[in-house]
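The values are calculated or read from the model by the stated rules, or taken from the named source; none is laboratory data. The structure presented is a predicted model; accordingly, all values stated were derived computationally and were not measured. Every residue, glycine as well, gets a Cβ built from its backbone with ideal geometry; the counts of neighbours run over all protein chains shown. Calculation scope for accessible area: heavy atoms of the full protein, side chains included, ligands and nucleic acids excluded. Shrake-Rupley method; radii C 1.70, N 1.55, O 1.52, S 1.80 Å.
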Amino acid sequence: MDSRNLDKAIEIYSKLISGEEINRKHPDNGPLYEEFYGNAEVYDIVTNIMKKMNLALYEYEDSLFITAGEGNRVFGYTNDDMKKNLGLRLNKELYLCYFIMYMILLYFYKDSESYQFREYIKAEAVISETSRYLQRITKDLDVLITEEIEQDSFKAIALLWDELPMVTSANEGENTRASKASRAGYVKLTFNFFVAQKLFVENSDRYYPTTRFRALSENYFEEYRGRLYQLLGGEEDA
């Protein structure tokens with residue numbers, strides 16, 4: 001193994017693990033992108049490191065991104081970690097935020113063949129989609145869901161959402177605070193997490209997806225679909 005190639009591979013790994021984006025056109029790390037795709041040994045070392053560390057490596061629009069693999073407790077988040085980050089206490093509160101996250105993802109991307117170009121999303125659209133899908137699922141719970149635990153989970157989410165007011169006050173409008181007091185507050189909590197993860201940029205109550213978000217969402221539907229996807233209208237089960 002060439003020591004120079006090893007150094008380059010470690011440099012690529014260290015930048016990606018620190019959250020830095022490696023882009024072909026970037027003035028500083030552009031050469032690392034070329035090293036990754038132009039040097040077979042560097043490519044093999046990096047991909048082997050990612051595999052051993054249970055990290056997923058994605059390429060999108062001449063950029064490299066990584067995310068924690070399924071069940072990665074070192075680089076990923078546990079449910080307790082997520083509750084702490086979001087300021088939540090109960091599992092049903094966390095699962096509601098997870099559901100909202102999925103609604104946001106579906107707003108831009110339904111499957112690998114139907115990417116929907118949308119420049120931004122607003123909280124009102126998320127609230128509307130969440131209400132629509134929860135109503136659809138809970139209406140046919142007995143038909144769609146055979147597992148009692150699964151059914152109870154969706155019931156808990158639906159009941160929590162149904163009990164929440166749209167906003168905490170008539171004067172709140174678009175100046176919604178992140179909280180557990182309203183539907184808009186839960187959506188704000190979720191968006192704040194996405195912004196902190198560099199998945200969205202907020203401007204005038206509009207949330208614009210970053211290249212990182214598009215990369216992760218596209219690759220999600222290439223690799224995972226899951227039970228929730230099936231219940232929301234997908235044809236495949238994972």
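Quick check on LEU86: is it at pLDDT 90 or above, within 15 Å of the chain's Cα centre (by Cα) and of a type outside the set (Ser, Thr, Tyr)? Can you show your working first?
Details: at pLDDT 90 or above: yes; within 15 Å of the chain's Cα centre (by Cα): yes; of a type outside the set (Ser, Thr, Tyr): yes.
Yes.
For the stretch 191-216: of the residues being open to solvent by 60 Å² or more (accessible area, probe 1.4 Å) and small (Gly, Ala, Ser), which is nearest to LYS180 (Cα to Cα)?
Restricting to residues being open to solvent by 60 Å² or more (accessible area, probe 1.4 Å) and small (Gly, Ala, Ser), the top hit is ALA196.
What helices (runs of 4 or more DSSP H) completely inside the stretch 1-106 contain at least 1 residues that are in contact (Cβ under 8 Å) with a residue 60 or more places away in the chain?
Where helices (runs of 4 or more DSSP H) fall fully within the stretch 1-106 and carry at least 1 residues being in contact (Cβ under 8 Å) with a residue 60 or more places away in the chain, they are 79-86.
Sort through TYR33, TYR13, TYR43 and tell me the only one that's modelled with pLDDT of 85 or more, open to solvent by 60 Å² or more (accessible area, probe 1.4 Å) and among the aromatic types (Phe, Trp, Tyr). Steps first, answer last, please.
On the way: TYR33 fails: open to solvent by 60 Å² or more (accessible area, probe 1.4 Å); TYR13 fails: open to solvent by 60 Å² or more (accessible area, probe 1.4 Å).
Step by step, each of TYR33, TYR13, TYR43 is checked, and only TYR43 is modelled with pLDDT of 85 or more, open to solvent by 60 Å² or more (accessible area, probe 1.4 Å) and among the aromatic types (Phe, Trp, Tyr).
With the requirement that a residue be modelled with pLDDT under 90 and open to solvent by 40 Å² or more (accessible area, probe 1.4 Å), what does the stretch 68-80 give you?
GLU70, GLY71, ARG73, VAL74, PHE75, TYR77, ASN79
Please tell me if ASN219 is within 15 Å of the chain's Cα centre (by Cα) and either modelled with pLDDT under 90 or buried (at least 16 other Cβ atoms within 10 Å of the Cβ) (or both). Don't jump to the end; show me each part of the working.
On the way: within 15 Å of the chain's Cα centre (by Cα): yes; either modelled with pLDDT under 90 or buried (at least 16 other Cβ atoms within 10 Å of the Cβ) (or both): yes.
When the stated conditions are applied, ASN219 passes them.
Restricting to the stretch 1-40, name every residue that is more than 26 Å from VAL195 (Cα to Cα), among the β-branched types (Val, Ile, Thr) and touching a Phe, Trp or Tyr at 6+ places or on another chain (Cβ under 7 Å).
Passing the criteria: none in range.
Find the helices (runs of 4 or more DSSP H) located wholly in the stretch 141-208 whose residues include 2 or more that are at pLDDT 75 or above and under 30 Å from GLU21 (Cα atoms), and list them. Write out each step before concluding.
Working: elements: 141-144, 148-163, 183-196.
Because the criterion is at least 2 residues that are at pLDDT 75 or above and under 30 Å from GLU21 (Cα atoms), the helices (runs of 4 or more DSSP H) in the stretch 141-208 that meet it are 183-196.
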